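Each reported figure results from applying straightforward, stated rules to the coordinates on display, with no laboratory input. What you see is a predicted model; the values in this text were computed from it and never measured. As a convention, Cβ positions derive from the backbone with ideal geometry for all residues, glycine included, and neighbour counts pool all protein chains shown.
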Amino acid sequence: MTDDRVLRGIGVSPGIAYAPAVVLRWRFPDVPDRTVAEAEVEAELGRLREAVAAVVQSLNRLREGVLESAGYEESQIFEAQILMVQDPDFLSGVEQLIRKNNLSAETAYEFKALELRAAFGSAGPRMRERLADLLAIQIRVLRNLMGEGDEELFGLRDHRHVIVVAHELYPGLTVQLDRDQLLGLISEEGTRTSHAAILAHSLGIPCVMGAAGVIDRIESGTMVLLDGTSGRVLIEPTVAELEAAQVTAARRHKLEMELEAKTLEPATTPDGVTLTLMGNVDLPDEIEMAVRHGALGVGLLRTEFLVTGRAHLPTEEEQYQYFRRVGASFGGHPVIVRTYDLGGDKFPAAFSAPSEANPFLGWRSIRVCLDRPEIFRPQLRALLRTAADHSIQVMLPLVTRVDEVVQTREMIAEEAEQLARAGIRAASSVPVGVMIETPAAVIIADRLAMVSAFFSIGTNDLTQYTLAVDRGNAHLASRFTPHDPAIIRMLGDVLAAGDHQGIPVSVCGEMASEPQFAMLLLGLGFKVLSVAPPALPLIKWLVRSVPAAVARDAAVATLHADTPDEVGEILRATLGRFIDLRLIDPESTMPSRSSGGFPRADGGHSAR
Ligand code: PEP
Ligand code: MG
């Protein structure tokens, strides 16, 4: 029997939260159609300018607040919003309407805004983030013109602690709310890779996205329990359910303390196999946690978030400073910098990309970089300069052909030569590795291995492209199965191709951050995993708990399975012998045989 108080979404930022909901019905205020007398036209134009100036001022205030609470890169989101609100083409269109049709400022502004939205409406997923930003600033301007303030905008004034529920979250909302007031976030749209999800994670706000129908099911004021680990949302929980959640949270917290005390111990299995656990770093904020959780370097430094939502591409110098900072934080351990993975839904506002019917099969990642050397070469120079003092390696995303690697290596050699000629301190070369995240790369892994210093498997995209399941589509989340037998075979094949050529092969997709899948990877023979920083203690605990021989037997058994469900059962049955599964997935009914501590799946944020 299904319980209609339960909603399921995707856990994108871990932690448990319990608080009244505030439902944001994110829409334009009711703007009356109003014309003005000829004599009032100038005054209306003045009101428009004042409203825009006031919104710029409040966005600037937000930018400063976020600069303090989160950091420089996060605060840059507002730079793009400030440019959008001041867009001269758009504003002169509004002014013309006021002048020619004697419309009030708000009537004219709404008219133009709706026109622009209709034009954006047919845009694909790439534009969604920008559309959300656009909508946010337009609502601000309209509310300002209607004499309504920002504070009511969020309906939060009267609430001390809340869970915000929205159809779609946009980055500004995620960061501007008071962290002490905002206990959690729930949205209908979005997935882990949404801009807002990444920010929620980095700010430590538990968050569930892709919760279909949540807006209709939850009223403002309703008590809601959300688990950002399992993606479960419970409406009006009973006392018993609350107590159960508190017990889970307390256990996670206890384990968090226990595991954090052990972060400096090696990731060695009980039967003596040692793994290297590295961290995935998306935002500068995460460096500190990765270091504190004992990451032996960075296995995936995403560079697109230096760009997303920003009005300008970062300069060579800005990138150099950032790479140096990361390099210096990991005390000589390697930092693997992924070159720009632009495209799909990650295009900076400053970068005009063509509109495409299928952006995820389009002009993205290494293709963009090779086609636009004026973007790529400064990044390569910044990397070479950093590599003079730090252990930097370069990794190429979405490779499908050998010549993409060869061409990049040539560019790196050219830039190294130029830097040397100009007398600029830089390394003369840098190891270049390849992300294996397309079926093509798996099939030609033997050839790619000949021109690559290492492989790192991006199981997020590999799953998307192999199973033909959009990783960002909340409706397909249950079909997005990185433990599909097809993927498991591919993982084994890539490892074998790397071993044959004598190059290291790691996994940096989200799969490595989930205990049962990390056990599968251990069993398949992977020795290097790169993991989301909050999950590092848990994955280390897993490695130290499950003998490699047991994991190997489980992995062999999964190779004979026909479905991801069968694979899941094998993994859970094996893992359940060593840890309490209820702590990884609060809905699990599998009894624990563990007598030791409790693992925690969130690694960072227990219930408050
Ligand atoms: C992946 O595709 O698995 C990966 C690690 O890269 P991203 O999630 O940034 O696409
Ligand atoms: Mg990828």
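Laid out as a table, the results:
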quantity: Exposure proxy ranking, count of Cβ atoms within 10 Å, fewest first, for 506, 92, 13; calculated: 92, 506, 13
quantity: Extension gain from residue 468 to residue 64, taking 0.36 nm per residue of separation minus the Cα-Cα distance; calculated: 141.2 nm
quantity: In nm, spacing of pseudo-spin labels at residue 388 and residue 72 (7 Å Cα→C-beta vector); calculated: 1.9
quantity: Ascending count of other beta-carbon atoms within 10 Å, so fewest first, for 411, 490; calculated: 411, 490
quantity: Nearest-0.05 FRET efficiency for residue 407 and residue 315, computed from C-beta distance (R0 25 Å); calculated: 0.60
quantity: Inter-probe distance in nm under a simple model that places probes 7 Å from Cα toward Cβ, at residue 30 and residue 254; calculated: 5.5
quantity: Antiparallel content of DSSP bridges confined to the chain, in %, to 5; calculated: 35
quantity: For region 47-105 and region 364-402, distance of Cα centres in Å; calculated: 34
quantity: Distant-in-sequence amide H partners of residue 388 (H built 1.01 Å from N, under 5 Å); calculated: 427
quantity: Crossing angle, helix 536-545 versus the chain [Cα axis fit, 0-90 degrees, rounded to tens]; calculated: 20
quantity: Degrees between helix 88-101 axis and first principal axis of the chain (Cα, 0 to 90, nearest 10); calculated: 30
quantity: Exposure proxy order (Cβ contacts within 10 Å, fewest to most) of 457, 186, 82; calculated: 82, 186, 457
quantity: Between helix 564-575 and the chain: long-axis angle, C-alpha atoms, 0 to 90°, nearest 10; calculated: 60
quantity: Label-point separation, residue 429 to residue 42 (7 Å along Cα→Cβ), nm; calculated: 7.2
quantity: For region 267-584: relative contact order, % (alpha-carbon pairs under 8 angstrom, 6 or more apart); calculated: 19
quantity: Per-selection metrics, region 27-145 (Cα): Rg and Dmax in Å; calculated: 15.2, 48
quantity: Cα Rg over Rh - the chain, Kirkwood; calculated: 0.99
quantity: Unit Cα scatterers, Debye sum, region 260-335: log10 I(q)/I(0) for q = 0.14, 0.24 Å⁻¹; calculated: -0.51, -1.12
quantity: Theoretical ellipticity at 222 nm over the chain - DSSP helices of four or more residues, -39500 (n - 2.57) apiece, nearest 500; calculated: -14000 deg cm²/dmol
quantity: Cα-based convex hull, region 474-513, per residue volume (Å³, whole number); calculated: 70
quantity: Under-29-angstrom lysine pairs by C-alpha in the chain, whenever the two are 8 or more apart or on separate chains; calculated: 8
quantity: Rounded FRET efficiency, nearest 0.05, which uses the C-beta distance separating residue 414 from residue 263 and R0 of 41 Å; calculated: 0.50
